[in-house]
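The values are calculated or read from the model by the stated rules, or taken from the named source; none is laboratory data. Quantities reported herein were computed from a predicted structural model and do not represent experimental measurements. Please note: Cβ atoms are built from the backbone with ideal geometry, for glycine as well, and neighbour counts cover all protein chains shown. The accessibility values were calculated without ligands, DNA or RNA, using every heavy atom of the protein model including side chains. Shrake-Rupley method; radii C 1.70, N 1.55, O 1.52, S 1.80 Å.
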Amino acid sequence: MRKKINISLVLAFILFLTCFAPGSSAKTAKIVGLGHNFVTLDGTAALYANPALVDPDDDVFTLEVGGQASIWNNGLPSSYFNKYLDEELKNDILNTIGDDGLLLKISGNQKAHMIIKNVGLFAGFREDGISTISSDIIDLILNGNKLDEPHNLDGTHGSAGIYLDTGFNLSFKVDYIADKLNWEEFRIGGTYHYLYGAFGKVEASGDLLVNCEDGPGVESDGVFELKYPRGGGKGFALDFGLAGKINDKLQVGFSLMNLGSITGIDPYYSEYTYTYDSETGEGDFEEVSDKPLTGDLVYKLPLTVNLGASYQWKDWITFYGDYSHINYDTGESEHKFAGSTEISYPWFLPLRFGVNYSTLQKDLIFSSGLGIYLGPFQIDAGFSDLGALFNNSKSLDMGVDVRLAF
């Protein structure tokens, strides 16, 4: 029996890959508050930034649980959602997304961490996803059909994975290198991740053409390709990091994160093409192929390179600065520049403020966070983008962690 799917459902599936598979990069609430996973953060936050600093100087044992979720796009500020989109606003959206198309991404993670001296253990769910809808399709949605003018589907694609992430971290001080560099401290570290879960990929190509020859109709050579593993997937990933404390104020770090992938079990390939019935005036996507996929189906984790520094100006105030380069499974590449400040005055109520710029999102994102530290019992909360408070934001990011550390 042949299956048919309405075009709106196909487009909805593309959005589903990101909007209901929350994930792009795992974070802690402290990272959310600072606005970036800075490479000189220590403790549990270092599991997502620099494995060399997972062993904090102040604590021997740490147990933490928490979660985080976020959403962003590169073309639709929240202020547009309650407005009538006139031609000026429509053109503004199309000019903002440019040839890249509309990028959509939602991220989140749910996790538990435990650190005992220089050994870190973790388990939780991570979700990665990013999708793009071609600028031609966004133009079609905003401005309607253009008769006898093709709407190109190329560049419409999505990729997402939902998987269990468990593993361990080891971090060490290397006094020999510190002495050679005349630094106060030098650290190295690595993290191993075992990954098991599910993922899927979708890609569109070809054209849709609305015409009025012999009555209104649609011609199409457009194709939607869906690839997914029926048996889920498994794999592993590695993180590596270096960190140096040059003096009692200045610290630098470098890390390579998410060096790994998930390989699908029993991968399948489905192909849909658009058909139009001139008698009924209805169009549908029809499945023309559903078969085992030849070769491996691999989902690549967002490969990230981090480089940064921090400066402790006073005992109670620290400045952070970072650069990150991220490569996604779908082929997009992102450069991020971030700066932040943490004010620990009083010490039991640290305040955090940050800003970052992404070349994919093409916007400045402002963040804030708060900690409540009552001896060994600690709570961190973070919120970003602060522009959402004024109904003018392309993103929303929130996180809360509860921690026992001593």
How much length would be gained if the chain were fully extended between residue 61 and residue 254, taking 0.36 nm per residue of separation minus their Cα-Cα distance, in nm to one decimal? 67.0 nm
Using only protein heavy atoms and a 1.4 Å probe, report how much of residue 330 is accessible, in Å² to the nearest 10. 30
At a Förster radius of 45 Å, what calculated FRET efficiency corresponds to the Cβ-Cβ distance of residue 316 and residue 287, to the nearest 0.05? 0.15
Protection proxy (average C-beta count within 10 Å per residue), highest first, orders 331-340, 196-205, 292-301 as 196-205, 331-340, 292-301
For the residue pair residue 240 and residue 348, what label-to-label distance in nm results when each label sits 7 Å from Cα along the Cα-to-beta-carbon direction? 4.4
Theoretical gain in end-to-end length, residue 205 to residue 377 [0.36 nm per residue, Cα-Cα removed]: 56.6 nm
Could you please report the charge total around residue 37, scoring K, R as +1 and D, E as -1 over all other residues with beta-carbon less than 10 angstrom from its beta-carbon? +2
Percent relative contact order of the stretch 320-406, based on C-alpha pairs within less than 8 angstrom and at least six residues apart? 18
So if we plug the beta-carbon distance of residue 119 and residue 271 into 1/(1 + (r/R0)^6) with R0 = 60 Å, what FRET efficiency do we get, rounded to 0.05? 0.80
Across the Cα atoms of the stretch 277-362, what radius of gyration and what greatest pairwise Cα-Cα distance (Dmax) are found, in Å? 23.9, 77
Not counting ligands, DNA or RNA, and with a 1.4 Å probe, what is residue 114's accessible surface area in Å² rounded to the nearest 10? 60
Entries of 30/314; 291/362; 180/362; 105/314; 30/180 with Cα pairs more than 31 Å apart: 291/362; 180/362; 105/314; 30/180
Between residue 337 and residue 183, 0.36 nm times their residue separation minus their Cα-Cα distance comes to what? 52.8 nm
The stretch 146-191 - accessible surface per residue (Å², probe 1.4 Å): 53
